[in-house]
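Okay, structure first, notes after.
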Amino acid sequence: MTFRYQNDNLFCDGTDLATIASSVGTPCYVYSADAILEAWRAYDAAFGDLSHLVCYAVKANSNLAILKLLAEAGSGFDIVSGGELFRVLKAGGDPKKIVFSGVGKTEGEIELALQSGIGTFNCESEGELAVIDAVAGRLGLTAEFSLRVNPDVNADTHPYISTGLRDHKFGIDITDAPAIYGRARAFQNLRAAGVSCHIGSQILDYSPILEAADKVLTLIENLQKDGHAIRHIDLGGGLGIAYKDGDDAPSIATFIADLRGRVERAGLTITIEPGRSIVGNAGALLTKVLYLKQSPSKHFVVIDAAMNDLIRPALYKAHHNIRPLKTTGGSLVADVVGPVCETGDFLARDRELPAVKPGDLLAVESAGAYGFVQASNYNSRPRPAEVLVEGETWRVVRARETWEDLIRGE
C-alpha cells in the first residue's frame, strides 16, 4: 500500500508526508515512483510474449519526472497534443513508441509529430486523413495511421468521460470504417496499419471493453479480407481505480489476460493506453486546515487547497478519500472546502472526518491522475508544487508557482 500509517503518521512508501509538507508547504502534490512503475510493469508483464506496446496516457499526469521514469522503463506514450509530444521528447521518450490521438490535431502539431518520427496517428475523421497526407507529402514522408472507430458501446461511467457512443465527438462510426479505409487508399503518403478504439475512462466493469474489442477484431478480419495490411489493434485505456474504501478495482492481470486471449488468435500486435490506473492511486494532494466554520445546518473544514488545484470533485462529483497526516481521535461530518469564491469549490461534501483543527495537515488521496494537469490559476492562485517520492528519499519535480509567475507573459 503506497499511503499508510506508521506510528500514527501517514507515509508515502518510506517517507513521512509531514516532512514534505513542512519543507515544501501546502498545497502540494506527492507521487510515488515505486507505485507508478509497479502499475506500468503489471500491464507489461501480463502480456507475456504477445507482441504489445503499453503507451502511458500523458493526459493523466504529464510531469516530466514521471514521463522520464516511464520512458526509462520502456513505456510508450499516448499523446493528444503537440505540447504533450514536446514533453515526452524532452523526457527522453522513444518517438517510435508514441501514438498521437485526439480529434483536433493542427497542421503544426502533425508536422512536428512527423518530423519527430512518431509511431502512428489515431485518426478521427476523413478530413484529418487528408491533412496528414498533405503534410506528409510536403515533408517527403509516409505516415502510418489507424482509424479510431466508435463501436457504440456504453462504458457505464461518468458521461463526461464516456467516449464510445454514436453521439460522442470521438471516433468514426464502426459501420462507416470499411468505406473510409477503402477511400484512404487514394492517399499517396498514408499507410493503414491498425484500428483504434477507446470507449471511456474510470471503467470498473471492463466487460464493455471486451465487447468493443470483439467488434474491432471482426472489423479487422473483414479489412484484411479486403486487402488492407492491418497489423495492430489499439484498445485505448480506461481501466478504473478504487477511489473509495471498499471499491473493487479491476485486476490489471485479469483484464489483460482476457484481452490477450482474444488478440492472440488474430496474430496482431496490441497497443493499450492506460493512464489513471498507472498514476491515480500513486498520488495525493497535501493540504492544511485553515479554519473550522459552522452554519445553522453544516460544518465546514476550510483548507488551503481548492477547486483550482483539484477540480475533479466539482467537475465530476468525484470522491477522494481524505485522511489526516497524523491520526487523531473524535469525528465530525463536514464539507471540505477551499478559498476559491465559488459555491462549487469543495473537495468533499457531508464527509465523516476525524476531528481536525486549524493547522492540521490532510492528504486528499487518489489524486495522481487528472489532478495537477487540470489545475488552473483561477482567483489568481499559484499552482501547487509537485514532489516525487523514491522510497525514503524525495525531490521537488515542479516548483510552486509564484505571484510573479502569474503575470509572466502579460
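Here, each number is a calculation from the coordinates, and none is a lab measurement. What you see is a predicted model; the values in this text were computed from it and never measured. Backbone-built Cβ (ideal geometry, glycine too); neighbour counts: all protein chains shown.
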Cα centroids of region 97-139 and region 7-34: how far apart, whole angstrom? 41
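Based on DSSP, what percent of beta bridges with both residues in the chain are antiparallel, to the nearest 5?
Working: 36 of 73 bridges.
Taking every DSSP beta bridge with both residues in the chain, the antiparallel ones total about 50 percent.
Return a whole-number percent for the relative contact order of the chain, with Cα pairs under 8 Å and 6 or more residues apart as the contact set.
On the way: 928 pairs, mean separation 80.5, N = 410.
Relative contact order for the chain comes out at 20 percent.
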Compute the long axis of helix 252-264 from its Cα atoms, compare it with the longest principal axis of the Cα atoms of the chain, and write down the angle in degrees, 0 to 90, nearest 10. 0
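Of the peptides 59-69, 26-36, how do they stack up when ordered by the mean number of other Cβ atoms within 10 Å, highest first?
Values: 59-69: 21.5, 26-36: 24.0.
Going by the mean number of other Cβ atoms within 10 Å, highest first, we get 26-36, 59-69.
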If I model a spin label as a point 7 Å beyond the Cα along the Cα-Cβ vector, how far apart are those points for ARG395 and ALA249 in nm? 2.6
Would you pull out the residues with amide H under 5 Å of LEU147's amide H, same chain only if 5 or more places away, H placed 1.01 Å from N? CYS123, GLY194, SER196
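Note down the net charge around THR2, summing +1 for each Lys or Arg and -1 for each Asp or Glu among other residues with Cβ under 10 Å from its Cβ. The partial results should precede the final answer.
On the way: positive: ARG4; negative: ASP13, ASP34, GLU38, GLU365.
Taking every other residue near THR2 into account, the sum is -3.
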Between GLN115 and THR142, with labels modelled 7 Å along Cα→Cβ, what's the label distance in nm to one decimal, could you check? 2.3
Can you give the net charge of the other residues whose Cβ lies under 11 Å from the Cβ of TYR29, counting K and R as +1 and D and E as -1? +1
In debye, nearest 20: dipole of the chain around its Cα centre with unit charges on the Cβ of K, R (+) and D, E (-)? 380
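Tally Lys and Arg at +1 and Asp and Glu at -1 over the other residues with C-beta under 12 Å from the C-beta of VAL340: what net charge comes out?
Working: positive: ARG381; negative: ASP304, ASP309, GLU342, ASP345.
Net of charged neighbours comes to -3.
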Less than 18 Å apart at the alpha-carbon level, and either on another chain or at least 8 residues along: which aspartates and glutamates does that give for LYS293? ASP304, ASP335, GLU342, ASP345, ASP350, GLU352, ASP360
Describe numerically, in nm with one decimal, the distance between label points set 7 Å from Cα along Cα→Cβ at TYR316 and at ASP34. 2.7
Order of ILE256, ILE230 - criterion: other Cβ atoms within 10 Å of each residue's Cβ, fewest first: ILE230, ILE256
Within 10 Å, count the other beta carbons around each residue, average over each peptide in 74-85, 260-271, 292-303, 94-105, and list them highest first. 74-85, 94-105, 260-271, 292-303
Applying the gyration tensor rule to the Cα atoms of region 102-272 (axes a ≥ b ≥ c; rounded if a/c under 1.5, else prolate if a/b exceeds b/c, else oblate), the class is prolate
Extension gain LYS357-LEU50, at 0.36 nm per residue separation less the Cα-Cα distance, in nm? 105.2 nm
Computed log₁₀ I(q)/I(0) - Debye formula, equal Cα scatterers, no solvent, the chain, q 0.10 Å⁻¹: -0.70
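Would you mind putting 396-406, 308-318 in packing order, based on average other-beta-carbon counts within 10 Å, highest first? Before the final figure, lay out each step's value.
Details: 396-406: 13.5, 308-318: 19.6.
With the highest mean Cβ count within 10 Å placed first, the list reads 308-318, 396-406.
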Taking the chain as the reference, fit the longest principal axis to its C-alpha atoms, fit the long axis of helix 107-116 to the helix C-alpha atoms, and give the angle between the two in degrees, 0 to 90, nearest 10. 80
Is there a pair in LYS105/LYS225; LYS288/LYS326; LYS59/LYS215; LYS97/LYS244 whose C-alpha atoms are over 23 Å apart, and which pairs would that be? LYS105/LYS225; LYS59/LYS215; LYS97/LYS244
